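Participant: Below are the structure tokens for one structure; questions will follow.
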Amino acid sequence: MSAMAQSVEAKTNEAAETEALTDGFHLVIDALKLNDINTIYGVPGIPITDLGRFAQAEGMRVISFRHEQNAGNAAAIAGFLTQKPGVCLTVSAPGFLNGLTALANATTNCFPMILISGSSEREIVDLQQGDYEEMDQLAVARPLCKAAYRVLHAEDIGIAVARAIRAAVSGRPGGVYLDLPAQLLGQVMDAEAGRQSLVKVVDPAPRQLPAPDAVARALEVLKGAERPLIILGKGAAYAQADADIRALVEKSGIPYLPMSMAKGLLPDDHPQSAGPARSLVLKEADVVVLIGARLNWLLSHGKGKAWGAPGTKRFIQIDIEPKEMDSNVEIAAPVVGDIGSCVSALLRGIDGEWPAPPAAWIDAIRERKEKNVAKMSSKLLGNSLPMDFHSALGALRTIVKERPDAILVNEGANTLDFARSIIDMYQPRKRLDVGTWGIMGIGMGAAVAAAVETGKPVLAVEGDSAFGFSGMEVETICRYNLPVCVVVFNNNGIYRGCDVNPTGGSDVAPTVFVKDSRYDKMMEAFGGIGAHATTPDELSRAVNEAMDSGKPTLINAVIDEKAGTESGRIGNLNPQSAVSKKA
Ligand code: ADP
Ligand code: TZD
Ligand code: MG
């Protein structure tokens, strides 16, 4: 054989051999893709840099962030919006820990996500011999998520990814940790055997039908109600049973209260919405139907002053998690199952003759609503300089009404609490916010995921402090040219910008930032559009322009530094000092 022929033959053999082989990197990617997971949010580095590169080469969307927490928050919101686990990819120890806050937050909020982190070698980690970024990540993650798995052999990647997906989305959704040691990614195996080791998860979130007697009991309790109320939570929004939920509300005629991220499940201007009469309905209702909402701090644990006289209420609770029943108060009629199945079972039960709620109850709610709406509406038209929360949000409220398919991201204290009650939502899953923990820092991650997953315009309404937690991601927004308009409510600080250092020393008070900062310049630094708004008209014009153009925009909205209150609407949760009273 000639030298040339020999080299050709060697090359062909080599090609045939590589064609017949696969490795850990590609098995992870193939396993995700086989399960219709086509986007990864993350930050590159050892040992997962090539995983991101190969994923992009294999046609996945790989969105690189500036900090893992923001990538993790994006993955969690992707999970909430799509019912598929959002994937966050990080490096070992510090990158993993940065992503872990988001994983724990996702679990707390019942959002499905998978945190995939590269890790150091087991034999070095377990002997604590000081590997690069050494940490026993699996042990650290386990108490903070729904499930945590480590893969040691390439042939187990398929089953591990399948388990992770099923654990994230089945039953009560939540966060899953998947640990991939560096050596695993480089492991090589026969390509055909690799293909056969992959698992496409069949029915990842199986329906869970409620027991017929549980449904009958719930209907019985509901039938006896004189002042019934339905509370819709973000579990109801997640479940995507929009038409049946609306039908249940409308056919039963029962007033409903949306929790913050359930706003828009029915439009906030729906005649049965009791949103503007919240304190009245919580206090006075005699039967309360909870649909995908927990009786946690956000609902004053179902007891106490907000809920009226003790022993006057009966609860019906629909939830997929049986342990949620009786978490804070007795549940008279637990209905355990997935919301779609439970709501349609109730719906069948109220078909035909169903008594409308007593007119006195409906009238009392209408009266209170009208009173509160009137009180609010004059404030929304204010034109004081600088703007206060009401006048600025009055402008944004009109914009959201005109653009109901835009997604609203919202965090802060006053900026959050006022926006939640002032900005009406008209479509399901359009409001993304601080969730169960009231966590700051979800803003830019949520905005990126909302834009990437839905392609819809995003309006992020951010307190100046809240924005700071993820603000560097404006570069990410510019890099991917996402249709995100960020409005920073700049009141010079946390809650208010006017606290002073009581000692008269040169440090400013702990709640105060640099005065009159220009956050808009941050967006300009990366080629996006910056705007500065001091009046509702200027704000309106700048937001409309941004939403029309779809260009990354940040508007610095100047808000009166004295307008806010301590902790927004939850100041009552601040412990009081026994020895020192604030002036
Ligand atoms: P909110 O903060 O809006 O009140 P929570 O996060 O407290 O809502 O409650 C959401 C609830 O919804 C959780 O208890 C969760 O188990 C439940 N849940 C989530 N998805 C489903 C589903 N598909 N079917 C039934 N319950 C669900
Ligand atoms: N850190 C994290 C992760 N979450 C938190 N919720 C807080 C700190 C404490 N915190 C709040 O609860 S709201 C808030 C902080 C720091 C910021 C409020 O200031 P803001 O909003 O500028 O975002 P307003 O409009 O000035 O009230
Ligand atoms: Mg502020």
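Participant: Out of everything in the range 402-427 that is part of a loop (DSSP other than H, G, I, E, B) and surrounded by fewer than 24 Cβ atoms within 10 Å (Cβ to Cβ), what residue ends up being nearest to ligand 3 (Cβ to nearest atom)?
Facilitator: Among them, the one singled out is Ile423.
Participant: Within the range 129-153, track down each residue that is more than 29 Å from Gly194 (Cα to Cα) and in a helix (DSSP H, G or I).
Facilitator: Across the range 129-153, the qualifying residues are Val140, Pro143, Leu144.
Participant: Residues to consider are Leu115, Leu97, Leu81, Leu103; find the one that is within 21 Å of Ser470 (Cβ to Cβ) and assigned to a strand (DSSP E or B).
Facilitator: Leu115
Participant: Among the listed residues Ala446, Ala466, Ala460, which satisfies the condition of being outside any strand (DSSP E or B), more than 16 Å from ligand 1 (Cβ to nearest atom) and closer than 26 Å to Ile399 by Cβ?
Facilitator: On inspection, the qualifying residue turns out to be Ala466.
Participant: When the range 551-583 is examined, which residues are found to be surrounded by fewer than 16 Cβ atoms within 10 Å (Cβ to Cβ) and in contact with a Pro (Cβ under 9 Å, 6 or more places away or on another chain)?
Facilitator: Residue satisfying the conditions is Ala583 alone.
Participant: May I pose another question? If you scan the range 288-310, which residues turn out to be assigned to a helix (DSSP H, G or I) and within 16 Å of ligand 2 (Cβ to nearest atom)?
Facilitator: Passing the criteria: Trp297, Leu298.
Participant: When the residues of the range 513-530 are narrowed to those that are charged (D, E, K, R) and part of a helix (DSSP H, G or I), which ends up nearest to Asn491 (Cα to Cα)?
Facilitator: Within the range 513-530, the match that is nearest to Asn491 (Cα to Cα) is Asp520.
Participant: For residues in the range 487-502 being hydrophobic (A, V, I, L, M, F, W, C) and part of a loop (DSSP other than H, G, I, E, B), which is farthest from Leu385 (Cα to Cα)?
Facilitator: Per the stated criteria, the residue is Val500.
Participant: Right, something else. Within the range 505-536, can you find the residues that are buried (at least 17 other Cβ atoms within 10 Å of the Cβ) and either of a type in the set (Val, Ile, Thr) or on the phi > 0 side of the Ramachandran plot (or both)?
Facilitator: Of everything in the range 505-536, those that are buried (at least 17 other Cβ atoms within 10 Å of the Cβ) and either of a type in the set (Val, Ile, Thr) or on the phi > 0 side of the Ramachandran plot (or both) turn out to be Val512, Ile529, Thr535.
Participant: Tell me the residue from Asn492, Asn481 that is assigned by TED's automatic domain parsing to the domain that holds Val409, on the phi > 0 side of the Ramachandran plot and more than 10 Å from ligand 2 (Cβ to nearest atom), please.
Facilitator: None of the other options fit; the residue is Asn481.
The values are calculated or read from the model by the stated rules, or taken from the named source; none is laboratory data. Computed from a predicted model, the values in this text were never measured in an experiment. Note that each Cβ is placed from the backbone with ideal geometry, even for glycine, and that neighbours are counted across all protein chains shown.
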